[in-house]
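These notes are about the structure you will find just below.
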There are 2 protein chains.
Amino acid sequence: MSTAGRGLHGRVLDTLGPAITAGEYPPGSVLRTDELAQRFDVSRSVMREAVRVLESMHLVESRRRVGVTVRPKAEWNVYDPQVIRWRLAGADRPRQLRSLTVLRSAVEPVAAALAAKNASAEQCAELTQCALGMVANSRGHKLEEYLVHDVAFHRVILAASGNEMFARLGDVVAEVLSGRTHHDVMFEDPDPAAVTLHVQVAEAVRAGDATRAEELTREITVGALQELDILAP
Amino acid sequence: MSTAGRGLHGRVLDTLGPAITAGEYPPGSVLRTDELAQRFDVSRSVMREAVRVLESMHLVESRRRVGVTVRPKAEWNVYDPQVIRWRLAGADRPRQLRSLTVLRSAVEPVAAALAAKNASAEQCAELTQCALGMVANSRGHKLEEYLVHDVAFHRVILAASGNEMFARLGDVVAEVLSGRTHHDVMFEDPDPAAVTLHVQVAEAVRAGDATRAEELTREITVGALQELDILAP
DNA sequence: GACACAAAAAGTCAGACTTATTTATGCCAG
DNA sequence: CTGGCATAAATAAGTCTGACTTTTTGTGTC
């Protein structure tokens with residue numbers, strides 16, 4: 001996955017992208033194309049292509065006579081899937097995971113409400129399949145199988161909302177869920193209450209009950225927030 | 001604004017980007033770098049940089065021996081500000097505006113709730129200033145002045161939430177509000193009820209009342225949805 | 001049907017040249 | 001001597017060209 005070896009400029013990005021997003025170069029740092037080309041042992045043309053990509057992500061700004069300057073974090077295109085992956089792979093992974101989980105808590109309930117209104121018969125069936133798959137793997141250390149169905153479930157909800165902006169957050173949710181299972185807090189088996197909620201959401205969507213689907217999904221996301229101790233009582 | 005004349009490759013993107021996002025090239029269409037370079041009268045190096053940028057936006061995919069193929073809309077990085085601008089400038093502007101408004105309706109209430117908890121004294125003051133500016137320009141055909149304060153208001157809310165993902169949606173909200181004033185439905189003067197709601201949100205945030213700030217903001221975004229006839233009663 | 005060959009297009013590189021921008025210089029006036 | 005302004009130099013990105021490499025696909029032959 002990720003940029004992969006898609007050409008030499010991809011290799012350069014694989015090390016330069018994570019370095020910048022990790023904050024190794026403070027905002028305002030100046031890099032020179034020629035120097036970078038030497039450092040990575042590539043031609044200037046290749047390095048220029050890499051810089052152009054970083055520039056399109058608003059990670060850097062290239063100006064004549066001054067060089068390639070690193071932009072402050074506040075200007076980065078933090079919704080770029082590549083940037084998200086780089087940051088999740090880096091040191092501030094926990095902070096990133098929190099931001100994304102909060103975003104989920106805002107978006108998914110609304111998406112579920114829309115899905116209840118717009119989901120096709122196929123999508124309803126798929127949703128039920130996913131929920132059943134979660135139930136089937138909710139006990140007995142089958143975390144990987146559970147994760148697959150969990151990710152699929154949320155992807156279907158977001159896609160069924162009919163809103164393309166929501167649909168494109170499927171990858172983000174997948175990263176968050178995957179991260180929770182693989183790196184962060186994840187108990188032996190998933191919370192049975194959460195599993196039940198997913199089943200109920202599938203039912204609500206099939207029944208076309210937008211309010212109920214939204215409320216149930218909100219409970220799911222609240223649970224995700226609590227797992228990360230995001231809560232001000 | 002936008003990519004501007006930032007080099008020759010920027011010029012190329014200014015016409016190629018809008019063309020692709022407008023759907024002029026159906027998904028799967030094949031472009032050849034050399035041909036494009038000739039068409040735009042630039043060198044292959046410049047053309048390659050432009051293609052790299054389009055590739056990083058997931059608008060196209062470059063493969064050896066086959067060429068530069070246009071990706072299906074579902075794979076585009078629709079959160080890229082540049083892509084958003086291109087699409088807003090094109091034919092499916094109405095659809096795009098609807099998608100973004102729905103996104104707003106999901107995000108802004110949650111952001112307001114967080115802002116009530118996290119906003120600094122300066123941000124509270126700024127928020128009140130914006131609300132007052134909206135009131136002052138709510139009557140007498142001062143739409144431009146009103147817009148400025150409206151945009152600033154929502155930017156402060158999103159920034160004060162303390163969540164970077166929310167904060168980066170400031171530009172998106174600005175585009176939506178600006179679009180509403182300049183191109184789409186906008187009555188002689190803003191809805192007085194909406195103006196009042198903004199003032200009340202500012203008060204709620206200052207008072208630290210998260211629930212009230214969230215509910216009031218939800219009313220604002222519901223109004224925005226109604227303006228675009230997004231409602232299934 | 002398997003394998004080898006040929007064509008096509010992107011990918012890479014090296015070097016020369018252009019252009020914009022910043023900084024330093026130097027001149028004249030106050 | 002100092003301040004400001006025009007001019008010149010230095011610098012790094014930007015651009016172009018042409019030759020070469022590599023990968024992938026399609027084709028044709030055995």
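Data overview
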{"read-out": "Solvent-accessible area per residue, Å², over the stretch A:92-227 with all protein chains present [probe radius 1.4 Å]", "value": "42"}
{"read-out": "Packing-based ranking, highest mean first, of B:102-111, B:60-69, A:90-99 given that Cβ atoms within 10 Å are counted", "value": "B:102-111, A:90-99, B:60-69"}
{"read-out": "Sequence of A:E175, A:E35 from largest to smallest accessible area, 1.4 Å probe", "value": "A:E35, A:E175"}
{"read-out": "Calculated P(r) tail over 21 Å for chain B, as whole % of Cα pairs", "value": "61"}
{"read-out": "Average partner coverage of B:121-127, which counts Cβ from other chains inside 10 Å", "value": "0"}
{"read-out": "Evaluated over the stretch A:46-158, the Cα radius of gyration and Dmax, each in Å", "value": "19.8, 62"}
{"read-out": "Where only alpha carbons of the stretch B:1-94 are counted, the Rg and the Dmax (Å)", "value": "12.4, 38"}
{"read-out": "Theoretical FRET efficiency, 1/(1+(r/R0)^6), r = Cβ-Cβ of B:E215 and B:D191, R0 25 Å, to 0.05", "value": "0.90"}
{"read-out": "Copies compared at A:G28 - label distances in nm, ascending, label defined 7 Å from Cα in the Cβ direction", "value": "5.3"}
{"read-out": "Label-point separation, A:N118 to B:E35 (7 Å along Cα→Cβ), nm", "value": "3.5"}
{"read-out": "Accessible-area value, B:W76, 1.4 Å probe, nucleic acids and ligands omitted, Å²", "value": "10"}
{"read-out": "Nearby aspartates and glutamates by direct alpha-carbon distance to B:K117 (threshold 18 angstrom, same-chain neighbours under 8 apart not counted)", "value": "A:D229, B:E108, B:E126, B:E164, B:E203, B:D209, B:E214, B:E215"}
{"read-out": "Degrees separating the helix A:170-182 axis from the principal Cα axis of chain A, which is the longest one", "value": "80"}
{"read-out": "Principal-axis tilt of helix B:143-160 within chain B, Cα atoms, nearest 10 degrees", "value": "90"}
{"read-out": "Along each principal axis, Cα extent of the stretch A:122-178, largest first, Å", "value": "36, 24, 8"}
{"read-out": "Chain A: most fluctuating residue of A:P18, A:P26, A:P190 per GNM, C-alpha cutoff 10 Å", "value": "A:P26"}
{"read-out": "Scattering profile of the protein assembly as shown at q = 0.07 Å⁻¹ [log10 I(q)/I(0), Debye over alpha-carbon scatterers]", "value": "-0.39"}
{"read-out": "Net +/- balance of residues flanking B:V205 in space, Cβ distance below 13 Å, scoring K and R +1, D and E -1", "value": "-4"}
{"read-out": "B:A91 paired with B:R63, simple spin-label distance in nm, labels 7 Å along Cα-to-beta-carbon", "value": "2.7"}
{"read-out": "Quotient of C-alpha Rg and 2.2 N^0.38 Å, computed over the stretch A:92-227", "value": "0.96"}
{"read-out": "Alpha-carbon Debye profile of the stretch B:4-43, log10 I(q)/I(0) at 0.20 Å⁻¹", "value": "-0.65"}
{"read-out": "Accessible area of A:L88 in the full protein assembly, 1.4 Å probe (Å², nearest 10)", "value": "10"}
{"read-out": "B/A buried area, accessible surface, summed, 1.4 Å probe, Å²", "value": "3300"}
{"read-out": "Per-residue average of Cβ from other chains inside 10 Å of B:45-58", "value": "5"}
{"read-out": "Modelled FRET efficiency - R0 45 Å, B:K142 with A:R139, Cβ distances, 0.05 increments", "value": "0.10"}
{"read-out": "The stretch A:126-211, accessible surface, carbon-and-sulfur percent (1.4 angstrom probe)", "value": "55"}
{"read-out": "Rounded FRET efficiency, nearest 0.05, which uses the C-beta distance separating B:S45 from B:E75 and R0 of 30 Å", "value": "0.65"}
{"read-out": "Average partner coverage of A:9-17, which counts Cβ from other chains inside 10 Å", "value": "1"}
{"read-out": "222 nm mean residue ellipticity, helices alone, for the protein assembly as shown (DSSP H n ≥ 4; -39,500 (n - 2.57); rounded to 500)", "value": "-21500 deg cm²/dmol"}
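The values are calculated or read from the model by the stated rules, or taken from the named source; none is laboratory data. As the structure is a computational prediction, the values presented were derived from the model and not from experiment. All Cβ positions, glycine included, derive from the backbone under ideal geometry; neighbour counts span all protein chains shown. Heavy atoms of the whole protein, side chains included, go into the accessibility calculation; ligands, DNA and RNA do not. Shrake-Rupley method; radii C 1.70, N 1.55, O 1.52, S 1.80 Å.
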